[in-house]
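Before any comments, here is the structure.
The values are calculated or read from the model by the stated rules, or taken from the named source; none is laboratory data. Predicted model, so just to flag it, every value in this text is computed and none were measured. Note: ideal-geometry Cβ built from the backbone for every residue, glycine included; neighbour counts use all protein chains shown. These area figures cover heavy atoms from the full protein model, side chains too; ligands, DNA and RNA do not enter into them. Shrake-Rupley method; radii C 1.70, N 1.55, O 1.52, S 1.80 Å.
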Amino acid sequence: MATEEASGLAQTAAVKLSEMGERTKQLGNAIQDPERQRRIILVIVCVALLLDNMLYMVIVPIVPDYLARLEKESEKAHVRGNSTTNITQNENFDLQIGVLFASKAILQLLVNPLTGTFIDRVGYDIPLLIGLVIMFFSTCIFAFAENYATLFFARSLQGLGSAFADTSGIAMIADKFTEETERSRALGIALAFISFGSLAAPPFGGVLYEFAGKRVPFIALAFVCLADGILCLTVLKPFSSRTRENMPVGTPIYKLMIDPYIAVVAGALTTCNIPLAFLEPTIANWMEDTMEASQWQIGLTWLPAFFPHILGVYITVKLAAQYPHLQWFYGALGMVIIGASSCMVPACKNFEQLIIPLCGVCFGIALVDTALLPTLAFLVDVRHVSVYGSVYAIADISYCVAYALGPVVAGKIVHDLGFVQLNLGMGLANVLYAPALLFLRNVCLMKPSHSERNMLLEEGATGLYDTIRMEERQRKRHGYSASGNCVPVDENGTFAGQSKSFSEEETSEPEYL
């Protein structure tokens with residue numbers, strides 16, 4: 001009897017193991033499916049961007065209060081100085097906070113040229129994993145740091161991780177989603193996660209810090225970062241043996257920087273983010289002084305702006321699918337909206353009024369980012385080699401310029417010139433820069449370059465670029481360029497296919513610009 005029971009249990013266990021093995025095999029096959037893999041990659045990248053921006057903003061309600069407590073504890077151990085000494089200490093404290101906040105963007109700004117080149121050399125998956133690992137350790141250090149120097153190190157380390165994770169993640173999306181409409185939609189989703197991370201982090205961090213202490217919000221983010229890293233390691237398999245000789249060599253970053261079209265886009269990305277970067281460290285004090293805002297109002301200042309940001313992303317993606325040749329116009333319109341909204345901020349008398357211009361700023365930023373980030377990938381496709389690490393490193397540098405200056409410079413401008421002058425200057429800068437995007441109005445008519453990728457695809461490229469060949473041929477059959485939406489023109493300015501037969505169109509090669 002006992003033998004029969006043991007035999008039955010063994011058979012049941014064998015059946016369950018067989019079922020588990022079959023399910024594992026099915027899961028593996030599902031992951032290897034190109035379409036499913038693209039979706040999983042998008043999830044991995046979006047979580048990485050969410051984490052980075054949450055960690056960037058979660059310290060806003062935590063670190064100043066925590067350092068102030070440490071400062072008070074140290075003061076108790078010493079004899080209090082006179083009022084002049086106290087004023088000097090307050091100024092030094094504000095400067096320390098500003099430098100701490102800016103250290104992430106400053107280091108990210110310095111290392112982005114190197115990480116962009118590194119990404120172009122080794123691909124996107126290894127740098128993404130490196131960035132997640134660095135961000136995990138940075139978050140853990142934040143959780144257990146007990147002095148300014150350790151917090152400064154953790155903040156700077158996060159900048160290094162962001163330079164790897166953000167650039168490689170956005171570049172991976174541009175590489176995997178080669179059709180222009182899909183690329184705009186995927187980048188729009190990524191921007192939505194960036195926005196949510198930035199706007200939801202302060203209330204998230206403030207509530208957990210108030211009721212659970214400093215360590216809990218950072219530990220929670222560290223666990224999410226660890227899970228995303230494991231998913232990246234499992235799905236992308238960055239260290240598996242791969243054939244890399246078929247990978248094209250990307251255009252050096254210095255050549256991309258002097259491309260006038262890319263330079264115009266980079267300038268727009270910097271200019272449109274200056275209001276957000278300069279308002280974040282200054283608006284809290286202004287609200288306390290002018291409208292006697294409560295702490296919960298200050299903490300929720302930016303949260304309502306998340307919804308118009310998502311609306312801006314959605315509208316731009318839909319318009320880009322229908323009218324792809326007007327991407328420059330969507331960006332210019334966004335900059336005008338940002339400029340007008342910035343000028344409205346000082347006129348607000350209460351919290352409810354303030355929500356309106358802040359929503360306008362975030363709506364405008366959504367228009368600019370969603371229109372111009374895919375434009376960068378298209379410019380690389382038609383003017384350079386279709387490798388995206390360096391060009392999105394330039395985009396990251398553009399953001400970092402604004403966010404490196406904000407915490408250090410904005411307070412000085414408010415102190416010397418005033419909050420009203422700060423906002424008027426930022427608004428005017430955006431309105432004046434908007435016409436520069438007219439320079440991009442004919443980008444959609446550019447011809448694809450005869451890049452190294454094109455030659456490799458004729459030999460059957462593998463790895464990161466194995467989905468391009470068939471899509472390129474399908475687009476050529478329908479008269480489309482590498483972007484999927486914009487029709488290329490020949491030397492005489494006529495659209496492809498008007499003066500050529502089908503066979504000639506199939507066999508002809510595009511020229512360099």
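Some observations on this one:
- Charging the Cβ of each Asp and Glu at -1 and of each Lys and Arg at +1, and nothing else, the dipole of segment 250-455 about its Cα centre rounds to 700 debye.
- Positive dipole terminus of segment 250-455, leading residue within 360, 264, 379 (C-beta point charges): 379
- Subtracting the Cα-Cα distance of residue 230 and residue 326 from 0.36 nm times their residue separation leaves 30.5 nm of extension gain.
- Net charge, residue 357 excluded, C-beta distance under 15 Å - Lys, Arg +1, Asp, Glu -1: -1
- Qualifying GluC sites (Glu not before Pro) for segment 227-324 [loop in DSSP, other Cβ within 10 Å: at most 15]: 245, 292
- Look at the dipole of segment 196-343 built from charges on Cβ: of 304, 284, 316, the Cα furthest out on the positive end belongs to 316.
- Top positive-direction residue, dipole computed over segment 250-455 with Cβ charges, set 388, 403, 341: 388
- In terms of accessible area, using a 1.4 Å probe and ignoring ligands and nucleic acids, 296, 302, 328 rank largest first as 296, 328, 302.
- From most to least packed by mean Cβ count within 10 Å, the peptides 249-261, 110-122 give 110-122, 249-261.
- Highest average packing first - 398-406, 342-350, 202-210, Cβ atoms within 10 Å: 398-406, 202-210, 342-350
- Gain on full extension, evaluated as 0.36 nm per residue between residue 307 and residue 442 minus their Cα-Cα distance, stands at 45.4 nm.
- The share of Cα pairs per 5 Å bin across segment 250-455, counted from zero up to the longest distance, runs 1, 8, 15, 18, 18, 14, 10, 7, 5, 2, 1, 0, 0 percent.
- Between residue 258 and residue 114, the FRET efficiency estimated from the beta carbon spacing at R0 = 25 angstrom works out to 0.85.
- Cα-Cα over 27 Å, subset of 104/214; 176/237; 104/237; 237/318; 176/318; 214/237: 104/237; 237/318; 214/237
- If R0 is taken as 35 Å, the Cβ-Cβ distance between residue 146 and residue 122 corresponds to a FRET efficiency of 0.40.
- Peptides 414-420, 178-184 ranked from most to least packed by the mean count of surrounding Cβ atoms within 10 Å: 178-184, 414-420.
- Spin-label zone in segment 278-297 - amide nitrogen under 11 Å from a point set 7 Å from the Cα of residue 353 along the C-beta vector: 291
- By the compact-protein rule of thumb, 2.2 N^0.38 Å, the alpha-carbon radius of gyration of segment 115-252 corresponds to a ratio of 1.19.
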